[in-house]
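These notes are about the structure you will find just below.
The values are calculated or read from the model by the stated rules, or taken from the named source; none is laboratory data. What you are looking at is a predicted structure, and each value in this text was computed from that prediction instead of being measured. A quick note on method: Cβ atoms are made from the backbone with ideal geometry, for glycine too, and the neighbour counts reach across all protein chains shown. Note: areas computed on protein heavy atoms with side chains; ligands, DNA, RNA excluded. Shrake-Rupley method; radii C 1.70, N 1.55, O 1.52, S 1.80 Å.
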Amino acid sequence: MRTPIPDMMEGEGRRTLRLETLVRLRWLAAAGQVVTIAIVAFGLGFSMPLVPVIVLIAALAVGNLVLALRFPLTQRVSPGSAFVMIGFDILQLSALLFLTGGLANPFVALISVPVIISFTALPLKHALTLLGLAIICVSGFALTPFPLPWYDGEMLDVDPVLRLGIWIGILAMLAFAAFYARRISLEAQQMADALAATELVLQREQHLSELDGLAAAAAHELGTPLATILLVAKEMAATLGTDERHGEDVMLLVSQAQRCREILARLTAMSKEDEAHMRLLPLSSLVEDVVAPHRPFISNIEIIYENAREDEPVGIRNPGIIFGLGNIVENAVEHAEEKVRLTVAYDDSTVTIVIEDDGSGYAAEILPRIGDPFVSGRGREAGTARAGGMGLGLFIAKTLLERSGATLRFTNREPEGSGARIAVSWPRRRMEADSAPQTAD
């Protein structure tokens, strides 16, 4: 039975690499090395130190075979284990290049592959260490006494200036490849974390919306056993009503059972009366539901209806829309000096809600990235996390609103610095109650 590698089960950082991934990559590397050596040595007939080259390839293959047979390929590799494996790959490839011409070898650029993998999947300290190891190895290529495999009787001599240029080019490639691999990896991880947070928020909102239905179901289910209890209590009261020891207790039991029945009846009636109201929500009620929780914090929240008509949109209650708009309003209330204004407009094709505040507005360097995960800031506070947050509020709001079909536009009010302005627009058909349920794209 395969057993986990001991230090794979422990270690800091996220385990983002599966052992199977590393094993397959190493098999691919070994196969490529075998094919290359076969073509150079036997196809072209170039001379090279064949024995040590074969030993190095065999070492990689044997080590990979041990990993594949000894340990479960589906397990996640700890940063320490991945660091050792990738470090071995760098040393093995560097030894091959050292024996076959060093910087003159056209395959020298392959030294960047394990470095890119490390900056994509490993903690920064491990990746930097491997980058340093790769730089040392590349620098050592300039000292190799082994010539590039070439035709017998001929030696391909690379000019020292060209060799220096190749060395600088390889180092530059390592640095840029590492930087971009790290940046892309971090952005992908941030997006994954932010989307996970969005899903949790949406589940919470949906759960809260379902509580009314659960209350009605509970009232319905409890009705039958409570009726039985009340019937038995009344029969006991008829028999023991005049009993000095138990009469008063039995009458109390009857009165409390009757009270419980009345409470359940009110819950059931409330659910039936409010079912349509809870399921369908006019645009004006939606706006009021969004604004109401924030009035205690700023009394001057103004709602303006432009070109209001009688045929206002009536949509199905959407927790994502309520939470998304609520988050934007909360952000406006937090940064407003005195006033927050909501302008609501709709026609036959479009529904638009514009949220404005009289605060400092968005910083110029932040404005183009508003709505990205882990980006927050207004004015002098740009780039800081507020209220214990991580810059996910607007991202979650933007994601939930876009799932409902909305388009968001973040700007500053005119003149410059007079507050933030967020316009949220939907096609009217996406807001109407008779539209098909919308799913995430």
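Hey, can you tell me all the residues within segment 19-35 that are of a type outside the set (A, V, I, L, M, F, W, C) and open to solvent by 40 Å² or more (accessible area, probe 1.4 Å)? Can you show your working first?
At the first step, the residues of segment 19-35 found to be of a type outside the set (A, V, I, L, M, F, W, C) are 20-21, 24, 26, 32-33.
Those that are of a type outside the set (A, V, I, L, M, F, W, C) and open to solvent by 40 Å² or more (accessible area, probe 1.4 Å): T21, R24.
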inquiry  = It is to be established whether one or more residues within segment 159-166 are at pLDDT 90 or above, out of contact with any helix residue (DSSP H, G or I) (no Cβ under 6 Å at 6 or more places or on another chain) and either under 28 Å from F83 (Cβ atoms) or open to solvent by less than 30 Å² (accessible area, probe 1.4 Å) (or both).
reply    = no
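Does F98 satisfy the criteria of being open to solvent by 20 Å² or more (accessible area, probe 1.4 Å), under 30 Å from P160 (Cβ atoms) and of a type in the set (F, W, Y)?
Working: open to solvent by 20 Å² or more (accessible area, probe 1.4 Å): yes; under 30 Å from P160 (Cβ atoms): yes; of a type in the set (F, W, Y): yes.
Criteria met by F98.
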request  = Show the residue pairs that are 6+ apart or on different chains and have beta-carbon atoms under 9 Å apart, the first residue being within segment 82-93 and in contact (Cβ under 8 Å) with a residue 12 or more places away in the chain, the second being surrounded by fewer than 21 Cβ atoms within 10 Å (Cβ to Cβ) and outside any helix (DSSP H, G or I).
outcome  = A82/R15; A82/T16; F83/P123
inquiry  = Please pick out the residue among I57, I86 that is surrounded by 14 or more Cβ atoms within 10 Å (Cβ to Cβ), among the β-branched types (V, I, T), within 23 Å of P123 (Cα to Cα) and out of contact with any His (no Cβ under 8 Å at 6 or more places or on another chain).
reply    = I86
query = Applying the selection to segment 239-287, what residues are surrounded by fewer than 16 Cβ atoms within 10 Å (Cβ to Cβ), closer than 30 Å to A345 by Cα and modelled with pLDDT of 75 or more?
reply = L280, P282, S284, S285
ask   = Name the pairs: first residue in segment 223-238 and without any contact (Cβ under 8 Å) to a residue 24 or more places away in the chain and within 13 Å of R261 (Cα to Cα), second residue surrounded by 17 or more Cβ atoms within 10 Å (Cβ to Cβ) and not hydrophobic (A, V, I, L, M, F, W, C), Cβ to Cβ under 8 Å, at least 6 apart or on different chains?
value = none
key: Filtered residues of segment 132-158 (kept if open to solvent by 40 Å² or more (accessible area, probe 1.4 Å), over 21 Å from S112 (Cα atoms) and of a type in the set (A, V, I, L, M))   = M155, L156
request  = Could you list all residues from segment 72-83 that are in contact with an Asp or Glu (Cβ under 8 Å, 6 or more places away or on another chain) and open to solvent by less than 80 Å² (accessible area, probe 1.4 Å)?
outcome  = L73, S78, P79, G80, S81
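Just give me the residues in segment 305-355 being polar (S, T, N, Q) and in a helix (DSSP H, G or I), in sequence order.
Taking segment 305-355 as the starting set, the residues that turn out to be polar (S, T, N, Q) are 307, 318, 327, 331, 343, 349-350, 352.
If the condition is that a residue be polar (S, T, N, Q) and in a helix (DSSP H, G or I), then N327, N331 are the ones that fit.
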remark   = Scanning segment 324-363 for residues that are within 17 Å of G405 (Cα to Cα) and touching a Leu at 6+ places or on another chain (Cβ under 6 Å) gives G324
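Of the residues L69, L65, which single one is modelled with pLDDT under 90 and exposed (fewer than 15 other Cβ atoms within 10 Å of the Cβ)? Give the steps one after another, and end with the answer.
Values: L65 fails: modelled with pLDDT under 90.
L69 is the lone residue from the list that is modelled with pLDDT under 90 and exposed (fewer than 15 other Cβ atoms within 10 Å of the Cβ).
Results for (1) modelled with pLDDT of 75 or more; (2) surrounded by fewer than 19 Cβ atoms within 10 Å (Cβ to Cβ); (3) among the hydrophobic types (A, V, I, L, M, F, W, C), shown as yes or no for each residue.
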position	(1), (2), (3)
V354	yes, yes, yes
A363	yes, yes, yes
G389	no, yes, no
T399	yes, no, no
R403	yes, yes, no
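Does A109 fit the bill of being touching a residue at least 24 places away in the same chain (Cβ under 8 Å), among the small types (G, A, S) and touching a strand residue (DSSP E or B) at 6+ places or on another chain (Cβ under 6 Å)? Before you say what the answer is, go through the steps one by one.
Details: touching a residue at least 24 places away in the same chain (Cβ under 8 Å): yes; among the small types (G, A, S): yes; touching a strand residue (DSSP E or B) at 6+ places or on another chain (Cβ under 6 Å): no.
No, not satisfied.
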